[in-house]
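Q: Below you'll find the structure I mean.
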Protein chains: 2
Amino acid sequence: MSSSGFDVCAIGNALVDIIAEASEDFLAAHKIARGAMTLIDAERAAYLYDMIGPAVETSGGSAANTVAGIASLGGHPAYMGKVKADQLGAIFRHDMHAMGVHFATPPAPDRRQEIHEVKADRRGGAPTGRCLILVTPDAQRSMNTYLGAAVEFGPADLQPDVIQDAQVTYLEGYLFDRDEAKEAFRAAAKIARAAGRQMALTLSDVFCVERHGAEFRALIKDDVDILFANQNELLALYETQDLQQAVAEARKHCKIAVTTRSEKGAIIASGKDTIEIAAEPVARVVDTTGAGDLFAAGFLFNLTRGRDLDACARLGAVCAAEIIGHYGPRPQRSLKELAREKAA
Amino acid sequence: MSSSGFDVCAIGNALVDIIAEASEDFLAAHKIARGAMTLIDAERAAYLYDMIGPAVETSGGSAANTVAGIASLGGHPAYMGKVKADQLGAIFRHDMHAMGVHFATPPAPDRRQEIHEVKADRRGGAPTGRCLILVTPDAQRSMNTYLGAAVEFGPADLQPDVIQDAQVTYLEGYLFDRDEAKEAFRAAAKIARAAGRQMALTLSDVFCVERHGAEFRALIKDDVDILFANQNELLALYETQDLQQAVAEARKHCKIAVTTRSEKGAIIASGKDTIEIAAEPVARVVDTTGAGDLFAAGFLFNLTRGRDLDACARLGAVCAAEIIGHYGPRPQRSLKELAREKAA
């Protein structure tokens, strides 16, 4: 890595997380898909927010959590995603900059501030996106995402020089839910490949994979070097119940396929090599939000430093273990120190 | 308590807390008063926010934390305080309502929404107040408060029927920093006394006491039945270094004087009685924000249920112990269940 370059450039939906505890009964009563990410509109977001208990707010967004983790490890990542010029947007932006993440995507303007153009029938535009995360007593998180201003991210928001300067460009599968973002996604892949850089993709969510299976498979075949998925996402991608078969498929199409399996650890398939690692022990699992995002952070951090796959996977497991020990998807301690302690 | 009435009505500065870890060096470099609450203006708030690390946001405000605690214990409290009709204000309001706190103070309007009145030179008004809380490795919190819309709270915002319906009206000493709020404070005391209700006051902060010592002493003599202070605040109030002497003074002027002493527990003086209780053990003290607020919550909850002072103090200690075991000043578990477990 050149000293001026980025290790990872991530592109994703910029979201603030609103985290509350909830019972299984609450999920059932409000028809919330357990353990999944469900896209919701503004009305449903307002309704659910009224229904949930007291909450805590923290910057989130899957790929954003990953670069936050890389920054906490001492890396030099960049991020692209769209917030609004509002209070939640300011929180998201602050946290990125405070961690040392390069984040220069201009916010969607608050149109009410353009006094000279104000018309009575003109709205201020969608606010910063947010994810209502309900954590059940088993530490499972069920996510309800109102994308808000994040939907305004498109190809024009790509900064080609940043992608060219990043060893790995990392894309969040959730972007596939919007055509404009998908277009940006493909344009980013083109830029990265032309610059001889690597492309990584995380599949994000089973239902997201089911919505876009064929397109994901085509993209992975053509443009993805490093694939991150959890076991269920990988099975959904290759429409099989056989994990070995799914891993064999992934191995054919990308250089490195990382399959995370919660408390069962992870499988890394690369060429003829297969590495299985155990999960890092955790005293008490509080909230699994961000586990996959932080596994990717640890993995990519060591990968962009030329470490072997075993070391990549091990640091991924250490970072994931930190995040599930507390509420929220951002590290609560220096991952750099943690990595040193764990010799990862 | 009648079934329709409130146990406690609290009046305070409505704030959202922005919590970040900080080193001692950071406090020194930015001239932040250690362990204190410092009032800051919008410019300083923006500057400090730029400087601090990644943060987590949660509803706060001293008296608001206390009623949140009472609600979590299963009580029926009310709150009065001013937020703005903005995103942080919506978060504050949501958390109050989600806990079952009666909170009906109208927000300061976002004047930009009054399209027909918009003029180019008119600002939207101050946003919801926020408190930048820096937590050092010793779990001490140093608070930097930008009051924002909270300064718009005045006598016109009092709801006399709510005060008349509350067994105890609880006031936050921080309100003494603003004349309008002080006026509301005195008007609330008048309403409560006329209705034969009790008045409680928390002194809030040593520097706040030093700013308003004479006025606090006069108010306590005339209008306060139940006084909450930590040891340093009580010493500052009576301008002495002798705790026994300070407690003796407080005993003369109010029915119940509660002095909290961090890990040394608390002293309750009432008439001829003096009760000393030990602090509740805590596995690890993470963040002392809200310790005094939650002690008051437990104390007032049992007091308004006719329990003796020993039981009041013990529940105060249990609630304070919960809050200092994690980041943020709002309970992360049901205090009602905790009280049952601890038989408090």
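Q: Check whether at least one residue in segment A:288-301 is at pLDDT below 95 and among the small types (Gly, Ala, Ser), and report yes or no.
A: Within segment A:288-301, not a single residue is at pLDDT below 95 and among the small types (Gly, Ala, Ser).
Q: May I ask you to verify whether A:Gly81 is closer than 19 Å to B:Ile18 by Cα, more than 9 Å from every other protein chain (Cβ to nearest Cβ) and modelled with pLDDT of 95 or more?
A: no
Q: Let me confirm something: among B:Gly60, B:Gly75, B:Gly12, which residue is in contact with a Cys (Cβ under 7 Å, 6 or more places away or on another chain) and under 27 Å from B:Ala339 (Cα atoms)?
A: When all the criteria are applied, what remains is B:Gly60.
Q: Further question on the same structure: Which condition breaks for B:Ala194 when tested against (1) at pLDDT below 95; (2) over 21 Å from the mean Cα position of the chain (by Cα); (3) over 17 Å from B:Ala317 (Cα atoms)?
A: Unmet for B:Ala194, out of (1) at pLDDT below 95; (2) over 21 Å from the mean Cα position of the chain (by Cα); (3) over 17 Å from B:Ala317 (Cα atoms): (1).
Q: Next question. Taking segment A:157-184 as the region of interest, how many residues are assigned to a helix (DSSP H, G or I) and either in contact with a Pro (Cβ under 7 Å, 6 or more places away or on another chain) or surrounded by fewer than 24 Cβ atoms within 10 Å (Cβ to Cβ) (or both)?
A: 12
Q: If you check B:Gly316 against the conditions, is it assigned to a loop (DSSP other than H, G, I, E, B), farther than 26 Å from A:Thr136 by Cβ, modelled with pLDDT of 95 or more and small (Gly, Ala, Ser)?
A: Criteria not met by B:Gly316.
Q: So if I check each of B:Ile70, B:Ile19, which one is touching a residue at least 24 places away in the same chain (Cβ under 8 Å) and touching a Pro at 6+ places or on another chain (Cβ under 8 Å)?
A: B:Ile70
Q: What are the residue pairs meeting all of these: first residue in segment A:320-344, first residue within 13 Å of chain B (Cβ to nearest Cβ) and farther than 17 Å from A:Met96 by Cα, second residue small (Gly, Ala, Ser) and surrounded by fewer than 23 Cβ atoms within 10 Å (Cβ to Cβ), Cβ atoms under 7 Å, and 6 or more apart or on different chains?
A: A:Gly325/A:Ala283
Q: Restricting to segment A:84-103, what's the tally of residues that are more than 7 Å from chain B (Cβ to nearest Cβ), over 16 Å from A:Ile70 (Cα atoms) and of a type outside the set (A, V, I, L, M, F, W, C)?
A: Total meeting the criteria: 3.
Q: Just to be sure, is B:Asp293 within 29 Å of A:Arg330 (Cα to Cα) and either without any contact (Cβ under 8 Å) to a residue 24 or more places away in the chain or acidic (Asp, Glu) (or both)?
A: Yes, satisfied.
Q: Sort out which residues of segment B:27-54 are more than 25 Å from B:Gly81 (Cβ to Cβ), touching a strand residue (DSSP E or B) at 6+ places or on another chain (Cβ under 7 Å) and either more than 8 Å from every other protein chain (Cβ to nearest Cβ) or surrounded by 21 or more Cβ atoms within 10 Å (Cβ to Cβ) (or both), and write them in order of number.
A: B:Leu27, B:Arg34, B:Pro54
Q: Further question on the same structure: Report, by residue number, each residue of segment B:55-66 that is more than 12 Å from every other protein chain (Cβ to nearest Cβ) and either more than 24 Å from A:His94 (Cβ to Cβ) or aliphatic (A, V, I, L, M) (or both).
A: Within segment B:55-66, B:Ser62, B:Ala63, B:Thr66 qualify.
Q: Taking segment B:1-19, which residues are within 14 Å of chain A (Cβ to nearest Cβ) and touching a helix residue (DSSP H, G or I) at 6+ places or on another chain (Cβ under 8 Å)?
A: Hits for segment B:1-19 are B:Leu15, B:Val16, B:Ile18.
Q: Sticking with this one: When you scan segment B:2-22, do you find a residue that is over 14 Å from the mean Cα position of the chain (by Cα), of a type outside the set (Gly, Ala, Ser) and under 28 Å from B:Gln167 (Cβ atoms), even just one?
A: Yes, segment B:2-22 has at least one match.
Results for (1) within 14 Å of chain A (Cβ to nearest Cβ); (2) of a type in the set (S, T, N, Q); (3) in contact with a helix residue (DSSP H, G or I) (Cβ under 6 Å, 6 or more places away or on another chain), shown as yes or no for each residue.
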{"site": "B:Thr128", "(1), (2), (3)": "yes, yes, yes"}
{"site": "B:Leu147", "(1), (2), (3)": "no, no, no"}
{"site": "B:Glu152", "(1), (2), (3)": "no, no, no"}
{"site": "B:Ala156", "(1), (2), (3)": "no, no, no"}
{"site": "B:Pro160", "(1), (2), (3)": "no, no, yes"}
{"site": "B:Ala187", "(1), (2), (3)": "no, no, yes"}
{"site": "B:Ala195", "(1), (2), (3)": "no, no, yes"}
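Q: Provide a single number: the residues in segment A:169-195 that are closer than 14 Å to A:Leu39 by Cβ and small (Gly, Ala, Ser).
A: Residues meeting the conditions: 2.
Q: Let me ask you something else. Which members of segment B:145-187 meet the condition of being of a type in the set (Phe, Trp, Tyr), within 19 Å of B:Asp225 (Cβ to Cβ) and at pLDDT below 95?
A: Correct list: B:Phe176, B:Phe185.
Q: Could you run through segment B:319-339 and say how many residues are of a type in the set (A, V, I, L, M, F, W, C) and closer than 24 Å to B:Ser142 by Cβ?
A: 5
The values are calculated or read from the model by the stated rules, or taken from the named source; none is laboratory data. Just so we're clear, the structure is a prediction, and the values are computed from it rather than from any experiment. Using ideal geometry, Cβ is built from the backbone for each residue, glycine included, and neighbour counts are taken over all protein chains shown.
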